[in-house]
Amino acid sequence: MLDFKFDWSKDVETGIPIMDTQHKEFFRIGRDVEQLVMCHCIGVTNKQLLDIVMELREYVAYHFYEEELLMKDYNYTDYLEHKKKHDAMIQYILDVDLRKLSLDPYTILRTVRTFLQDWIFQHILIEDLRLGHYLKEHGYQEKQT
Ligand SMILES: [Fe+2]
């Protein structure tokens with residue numbers, strides 16, 4: 001997993017366009033974090049660090065809200081279990097200590113990077129793919145906007 005660089009692949013596609021589009025955005029943020037880690041955060045500004053953490057906070061709140069709406073719309077049987085994992089992820093991101101981040105960005109961002117990788121392997125590849133199957137089996141239809 002150490003050489004996983006947040007590259008999108010067919011293996012992570014749920015087949016549900018709204019989920020896949022949002023997951024791609026998550027991968028993009030992951031790549032941004034990875035890039036800073038790869039250059040050991042040399043020259044990174046506090047603003048850049050703050051922006052990336054804020055972006056993650058916003059992303060998880062928005063994306064999980066959308067996924068949870070889908071689950072409710074289709075009476076997903078594992079809704080509560082799935083939501084619990086979302087809540088834990090939200091809490092993790094909220095708990096990133098911004099003071100420590102500015103003092104030692106490399107150590108903190110490296111931990112965040114590993115957490116995001118774990119999320120992909122343990123949540124997106126398992127829970128979200130399962131949700132994607134369920135939605136397709138239960139007649140998922142794209143909402144018209
Ligand atoms: Fe999810």
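Surface analysis of segment 15-145 yields an accessible area of 57 Å² per residue, using protein heavy atoms and a 1.4 Å probe. Exposed loop sites here are chymotrypsin sites (Phe, Trp or Tyr not before Pro) assigned a DSSP state other than H, G, I, E or B and surrounded by at most 15 other beta carbons within 10 Å; excluding them, the longest clear run of the chain is 9-145. Within segment 1-68, the trypsin sites (Lys or Arg not before Pro) that combine a DSSP coil assignment with at most 16 other C-beta atoms in a 10 angstrom radius are K5. If you count Lys pairs in segment 11-145 whose Cα atoms are under 30 Å apart, skipping same-chain pairs closer than 8 places in sequence, the total is 24. From most to least packed by mean Cβ count within 10 Å, the peptides 122-133, 32-43 give 122-133, 32-43.
Over all directions, the projected convex hull of the C-alpha atoms in segment 23-85 averages 5.0 nm² in area.
Only helices enter this figure: runs of n ≥ 4 DSSP H residues, each worth -39500 (n - 2.57), summed and divided by the residues of the chain, yield -22000 deg cm²/dmol at 222 nm to the nearest 500.
Rolling a 1.4 angstrom probe over the chain with all protein chains present gives an accessible area of which 55% lies on carbon and sulfur atoms.
The values are calculated or read from the model by the stated rules, or taken from the named source; none is laboratory data. Keep in mind that this is a model prediction, so the values were computed, not measured. Here the Cβ is made from the backbone with ideal geometry for all residues, glycine too, and neighbour counts use every protein chain on show. Side chains included, ligands, DNA and RNA excluded: accessible areas come from the protein's heavy atoms. Shrake-Rupley method; radii C 1.70, N 1.55, O 1.52, S 1.80 Å.
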